[in-house]
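Asks: Quick one: the structure is below, questions incoming.
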Amino acid sequence: QAKSAGKNQFQPYDSLSASIQNRKLKIAKQLRNAIKNNEFSLVYQPIVQLSSGRTVGSEALIRWTNAENETIGPDEFIPVAEHSGQIIEIGNWVLQKACEQCKTWHSAGTMKHIMAINVSSFQLKAPFFAKGLSDILTSLSLPAECIHIEITENIAITEDKMSVSALYEISDLGIKLLLDDFGTGYSCLSYLKNLPFDILKIDRSFMPANNTIASTIIAMGHELKMEIIAEGIETLDCYRFLNKLNCQYGQGYLFQKPVPPSKFDIFRQFNQEVLACTLPNH
Ligand code: C2E
Ligand code: MG
Ligand code: MG
Ligand code: MG
């Protein structure tokens, strides 16, 4: 920040925080019309069964191009939307859209297509979250086993009764709950014992091959009878490392970056390509 300010690198803290504040306010204002103006879209990244290379599902990730044609990433605008309360409307849009896409792929495929949907802890606090989700599934005749709900580790959940009961309601619907970015945040192990999470997603910051933390999380997951997904697999070494440890699933640029639905192939097998990388001249 100071660097980009050039000569003004001794910009007083207050004006710096004021400009961050202004940016957030601007984003919150622009978000108001974003749904109505069709500015959001979802991209999908394959979830790959590591042993077979088979695509078993996808994670839906939101994208936003605002009215000024500027692309703003979810890491920046989701926290703003959480703060302003707009996350509820945006989150509902995501749920509806991702479930519709899941239905399309599920019907087209020979096996069930899993759709993993990111949900903010703020959405869990809203009344009737699970009911809303269940209504979407009913209206689409979509089996609950097709949906995974991804929640990022967050201390606010354990301390909020509404959120905890929402998690149980979701779980009772037959929807699997996934703990996202595992190992980066609050990481209290009693979380795993006391809340109905079924799947752990290892954060991509642990992804270089031969990482002790990744192997420890995988071993622990096996002990706890939880499924493990590794995110951020970028190299063949990393893939081999995880596969050897019997980590069941993975996602990452090695397989595919998130793509719009038109570019997504539910039948894609990654084995041959991944192996091809090991051959010379590839
Ligand atoms: P996340 O759920 O942990 O998603 C994984 C992020 O890693 C995505 O960033 C994805 O594009 C990126 N990624 C995937 N493979 C690789 C890889 O091999 N290497 C690297 N370096 N990155 C990889 P993205 O799409 O920018 O999303 C960032 C975060 O924003 C997500 O983290 C999630 O917390 C949040 N988010 C995205 N979409 C939604 C949404 O629809 N609702 C909510 N509430 N949050 C969302
Ligand atoms: Mg996620
Ligand atoms: Mg994650
Ligand atoms: Mg993340």
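Asks: For the chain, what is the accessible area per residue in Å², given a 1.4 Å probe and the full set of protein chains?
Replies: For the chain, the solvent-accessible area averages 53 Å² per residue.
Asks: Right, something else. Give the residues of segment 233-253 whose amide nitrogen is closer than 16 Å to a point set 7 Å from the Cα of MET111 in the direction of its Cβ.
Replies: 247-251
Asks: If you build a Gaussian network model of the chain, linking Cα atoms that sit under 10 Å apart, which residue out of ILE213, ILE136, ILE229 swings the most?
Replies: Most flexible of the set in this elastic network: ILE213.
Asks: In debye to the nearest 20, how big a dipole does segment 18-111 give about its Cα centre with +1 on each Lys and Arg Cβ and -1 on each Asp and Glu Cβ?
Replies: Details: 10 positive and 9 negative charges, 24 e Å.
The dipole of segment 18-111 has a size of about 120 debye.
Asks: What nm value, rounded to one decimal, do you get for the distance between ARG54 and ASN194 when each label is placed 7 Å out toward the C-beta?
Replies: About 3.8 nm, to one decimal.
Asks: Set the Förster radius R0 to 35 Å, insert the Cβ-Cβ distance between SER139 and ASP160 as r into 1/(1 + (r/R0)^6), and round the FRET efficiency to 0.05.
Replies: Values: r = 28 Å, r/R0 = 0.81.
Step by step, r from the Cβ atoms, then E = 0.80.
Asks: Show me 85-93, 67-75, 19-27 ranked by packing, highest mean number of other Cβ atoms within 10 Å first. Walk me through the numbers on the way to the answer.
Replies: Numbers: 85-93: 18.1, 67-75: 10.4, 19-27: 13.2.
Descending mean neighbour count gives 85-93, 19-27, 67-75.
Asks: Using a basic spin-label model with each label point 7 Å from the Cα along Cα→Cβ, how many nm lie between ALA67 and LYS225?
Replies: 5.4 nm
Asks: A follow-up question, please. For segment 1-151, what is the relative contact order in percent, using Cα pairs closer than 8 Å and at least 6 residues apart in sequence?
Replies: On the way: 166 pairs, mean separation 28.6, N = 151.
Relative contact order, segment 1-151: 19 percent.
Asks: At a 1.4 Å probe, what is the % contribution of carbon and sulfur to the accessible area of segment 63-192? Spell out each step's value before the answer.
Replies: Numbers: 3280 of 6020 Å².
Looking at segment 63-192 in its full context, I get 55 percent from C and S.
Asks: Ok, one more. Okay, helix-only estimate at 222 nm for the chain: each DSSP H run of n ≥ 4 adds -39500 (n - 2.57), divide by all residues, round to 500 deg cm²/dmol; what do you get?
Replies: Numbers: 11 runs with 117 residues, N = 282.
It lands at -12500 deg cm²/dmol.
Asks: Here is a further query. Please give, to one decimal in nm, the separation of the simple spin-label points placed at ALA28 and GLU234, each 7 Å out from Cα toward the Cβ.
Replies: 3.4 nm
Asks: Quick one: how many Å² of PHE40 are accessible to a 1.4 Å probe, rounded to 10?
Replies: Roll a 1.4 Å probe over it and PHE40 shows about 10 Å².
The values are calculated or read from the model by the stated rules, or taken from the named source; none is laboratory data. Note that the structure is predicted; figures quoted are calculated from it, not measured. FYI the Cβ positions are ideal-geometry reconstructions off the backbone, even for glycines, and counts take in every protein chain you see. Side chains included, ligands, DNA and RNA excluded: accessible areas come from the protein's heavy atoms. Shrake-Rupley method; radii C 1.70, N 1.55, O 1.52, S 1.80 Å.
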